[in-house]
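The structure under discussion appears below in the form of structure tokens.
What follows is calculated from the coordinates using simple rules that are stated; it is not laboratory data. Keep in mind it's a predicted model, so treat the numbers as computed, not measured. Every residue, glycine among them, receives a Cβ derived from its backbone with ideal geometry; neighbour counts consider all protein chains shown.
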Ligand code: ATP
């Protein structure tokens, strides 16, 4: 059984249909990516899984439970955690305060100290800077902090919305390596990326969203060799 199953969901903004009959699944332990151009509906999909948006039709189940009618905080409590695009940190709070806010849910609150140690082990730079005010850090450090905060919520499924957006190439590599090591620790990953090459090199399987529908899907190696993808997304 898949950990996450999305079945024929349609999502609207008013009259505008942003996703139409989208189906996808993520198995436990997989890294799956959702790729596509600007405006294809990637953020809409992640926000619908997170419970921020509600599908008009279709269903989303996580670990066998229907979650598409739950509130966002209830989805978080089940271990479906989003690292949002643009970081959305608390800019005037310290690194440590931002991390602690990642474990507000009662179930994770009791493990706060242990989880903080784990995050500091994985991201030693955050440990060095725990008293630093978030807004004074570089873009790359802020992205690491956003990922650290998500880890404080004990994710079962961790969803990244454009984690490499606006980062210098060296930092992009660091963020992608970090995603890989998080996955290696047993966290299932759903990665949304406009950078199709990076995403497909990292993931096991991918879905290509085009104008709100799934155009192509398959193992990452197949998608990387697909002539349409090469031409439309990889500039080859
Ligand atoms: P990007 O990479 O630019 O974030 P995306 O693939 O994530 O693109 P979405 O942000 O999901 O795409 O947008 C899908 C479509 O829905 C676009 O046409 C967008 O203009 C529209 N849209 C997104 N958010 C809203 C909103 N709050 N109200 C109305 N339309 C929206």
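Some values worked out for this structure:
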read-out: Segment residue 94-residue 7, length gained on full extension (0.36 nm per residue, minus Cα span); value: 27.3 nm
read-out: Principal-axis tilt of helix 169-184 within the chain, Cα atoms, nearest 10 degrees; value: 90
read-out: Ranked packing of 88-94, 23-29, most packed first, by mean Cβ within 10 Å; value: 23-29, 88-94
read-out: Equivalent-ellipsoid semi-axes of the chain, from the Cα gyration tensor, Å, largest first; value: 28, 21, 16
read-out: Bins of 10 Å, starting at 0 and running to the largest distance - Cα pair percent for segment 90-219; value: 12, 41, 33, 13, 2
read-out: Nearest-ten-degree value, helix 112-122 long axis tilted from longest Cα axis of the chain; value: 70
read-out: Helix-only [θ]222 nm of the chain, DSSP H runs n ≥ 4, -39500 (n - 2.57) each, per residue, nearest 500; value: -10000 deg cm²/dmol
read-out: Against the rule of thumb 2.2 N^0.38 Å, how large the Cα Rg of segment 110-184 comes out; value: 1.07
read-out: Per principal axis, descending, Cα span of segment 159-232 in whole Å; value: 30, 28, 23
read-out: FRET efficiency for residue 184 and residue 109, using Cβ-Cβ distance with R0 set to 30 Å, rounded to 0.05; value: 0.70
read-out: Overall dimensions of segment 41-135 as given by Cα atoms, namely Rg and Dmax in Å; value: 15.6, 47
